[in-house]
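All remarks here apply to the structure that follows.
The values are calculated or read from the model by the stated rules, or taken from the named source; none is laboratory data. None of the values given here were measured: they were computed from a predicted structure. Glycine gets a Cβ as well: all are built from the backbone with ideal geometry, and neighbour counts include every protein chain shown. What goes into the accessible areas is simple: the full protein's heavy atoms, side chains included, and nothing from ligands, DNA or RNA. Shrake-Rupley method; radii C 1.70, N 1.55, O 1.52, S 1.80 Å.
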Amino acid sequence: MYELTGLLPIEKDLKVTLYDYDLLSKDEKIGETVIDLENRFLSRFGACCGLPQTYCISGPNRWRDQLTPTQCLHIYAQRLGCRLPVYSEDKIVFGGQEHPLSQLEDGVPLNVHLGPPAERLALHVLRKQGLVPEHVETRSLYSPLQPDIEQGKIQLWVDIFPKSLGHPGPPFNITPRKAKRFYLRCIIWNTYDVILDDLSITGERMSDIYVKGWLLGHEGNKQKTDVHYRSIGGEGNFNWRFLFPFDYLPTEQVCSVATKEHFWSLDKAELKISPQLMIQIWDNDKFSFDDYLGSVQMDLNHMPKPAKTAEKCSPLTLESGHSVSLFEQKCVKGWWPCLAETEGKPILAGKVEMTLEIVTEEEKEERPAGPGRDEPNMNPRLEEPKRPDTSFLWFTSPFKTVRYIVWRRFRWLITGLMVAFVLVLFLLVFLYSFPEYAAMKLVKPFN
């Protein structure tokens, strides 16, 4: 905000210029706009200070004009040459029409910052006279080098206060809202019906499942669970907690992300994006790139309502139209579907059971929780998942591989081969010993 003092009509033009800041060279002019203050001051539409919607004597929308609404209406009536307004307890008569107070406040709860009824009625009448309302004006910027080409727009408002009328009211506070720090706690419990993307050493369809998650705009804080190896039925057990800190503006329902547009930028630019949570399911590979299986992206202000069980979870869950706000409900638990695309058509890639919770800075200190299953492991406490015995990395445990994979799948074949080996061994021993035994029977050297 700038406060300037001028003398009309000598200093009647207000010039607003926009520059491009350069650190080492001269700043470059982008464009400018010129406002004729004398034209506004002499306007019959009251363009000096726009009329707000309410007359408040306190609070953030306090009255700024030097004259009260009753004084403004009195001057307006004198300028038109009509009868002055007549006030009573609950109405005002102006221009031959009655304006009752009930018409102004019917069904509207009274604000504690509002002023006297007479002033509110006078403001109500003024707003019906076609005077300039309080608003933010948008003006085009032009450069003297290219006068016919618009260089952008600037949003502002200009109030003119004659010094002869005394000091104006307090200026409106235009300080940008400061974002509040929130924390999203996302607990990945289980997965179900995940696509089986690999073949095991025994020829079975399987996947080494893990889950990855992050908030859009915070890609540098991507987190992932540990790996559930050798999932044969698409089930995965994790009990793993993600922690995502973010700055949020509750009034605007957007996240504030400070980032540099280029690595040579001096200052960070503030981006405002909706709070979007991305959850992906991946297949882990040790000797090649991990395989992407499916994902779900949710706006935390309008999340699809989760299914209570895995059987009821389907792609229709995302299209049901039933949504919840995590900022209002604070905590949500259930099953969400993850989708993938095949030939341009969405398919179900798996289902994820999650608990999503929003906490503030104070709640974070009162109810601490660590990432993954690390300490402080509480709120809630996450136990080690009960995975099947076959869930391990096969080449790190040869004995387990033989016991839980090879033997479990091929035990009858192995048993049959062992029996056949013993029989063949006996047959070979018999064939090797039979000639000598037969010769001894024929010769009988000891008789």
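Quick one: in the stretch 223-262, of everything that is more than 23 Å from I188 (Cα to Cα) and among the small types (G, A, S), which residue is surrounded by the most Cβ atoms within 10 Å (Cβ to Cβ)?
The residue in question is S256.
With respect to E150, is the statement that it is among the acidic types (D, E) and either more than 27 Å from V34 (Cβ to Cβ) or assigned to a loop (DSSP other than H, G, I, E, B) (or both) true?
So E150 fails the test.
Can you tell me which of K272, K308, K330, K286 is within 20 Å of S231 (Cβ to Cβ), of a type outside the set (F, W, Y) and open to solvent by 50 Å² or more (accessible area, probe 1.4 Å)?
Only one candidate qualifies: K286.
Which number in (1) closer than 18 Å to T225 by Cα; (2) surrounded by 15 or more Cβ atoms within 10 Å (Cβ to Cβ) marks the one condition that M298 misses?
(1)
Return only the number of the condition from (1) surrounded by 14 or more Cβ atoms within 10 Å (Cβ to Cβ); (2) in contact with a helix residue (DSSP H, G or I) (Cβ under 9 Å, 6 or more places away or on another chain); (3) closer than 30 Å to F246 by Cβ that K212 does not satisfy.
Condition not satisfied by K212: (2).
For the stretch 80-119, how many residues are assigned to a loop (DSSP other than H, G, I, E, B), modelled with pLDDT under 85 and hydroxyl-bearing (S, T, Y)?
So the answer is 0.
Among the listed residues A122, A77, identify the single one that is of a type outside the set (V, I, T), part of a helix (DSSP H, G or I), in contact with a helix residue (DSSP H, G or I) (Cβ under 6 Å, 6 or more places away or on another chain) and open to solvent by less than 40 Å² (accessible area, probe 1.4 Å).
So the residue among A122, A77 that is of a type outside the set (V, I, T), part of a helix (DSSP H, G or I), in contact with a helix residue (DSSP H, G or I) (Cβ under 6 Å, 6 or more places away or on another chain) and open to solvent by less than 40 Å² (accessible area, probe 1.4 Å) is A122.
How about the stretch 1-33: which of its residues are more than 30 Å from W264 (Cα to Cα), of a type in the set (V, I, T) and modelled with pLDDT of 95 or more?
T33
If you check every pair at least six apart or on different chains, which have Cβ atoms under 9 Å apart with a residue in the stretch 269-287 that is under 21 Å from Q297 (Cα atoms) and of a type in the set (S, T, Y) first and a residue that is in a strand (DSSP E or B) and open to solvent by 30 Å² or more (accessible area, probe 1.4 Å) second?
Within 9 Å, the pairs are S274/D299.
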